[in-house]
Amino acid sequence: MRDGKGLAWTQEFVLFHAEPEGVVTDEWVPAAAVTRIRREESDWIDPYDVL
């Protein structure tokens, strides 16, 4: 399991953004593999995310 942020999506894919160990990664993953959670439940915080 990885924690990150969905930047864009279609019915079939989600553009997943994460920064594990300081390395930025963006990749399209199957939407069926993504579990949406509330921001408060996330271990990963985007410093540029406006609440």
Note down all Cβ pairs under 6 Å where the first residue falls in region 32-51 and is in contact (Cβ under 8 Å) with a residue 40 or more places away in the chain, the second is surrounded by 10 or more Cβ atoms within 10 Å (Cβ to Cβ) and outside any loop (DSSP other than H, G, I, E, B), and they're at least six residues apart or on different chains.
Asp46/Lys5
Look at region 18-51 and say how many of its residues are modelled with pLDDT of 90 or more, surrounded by 11 or more Cβ atoms within 10 Å (Cβ to Cβ) and not in a loop (DSSP other than H, G, I, E, B).
5
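The values are calculated or read from the model by the stated rules, or taken from the named source; none is laboratory data. Here the structure is a predicted model, which is why all the values come from computation and not from measurement. Positions of Cβ are generated from backbone atoms using ideal geometry, with glycine treated the same way; all protein chains shown enter the neighbour counts.
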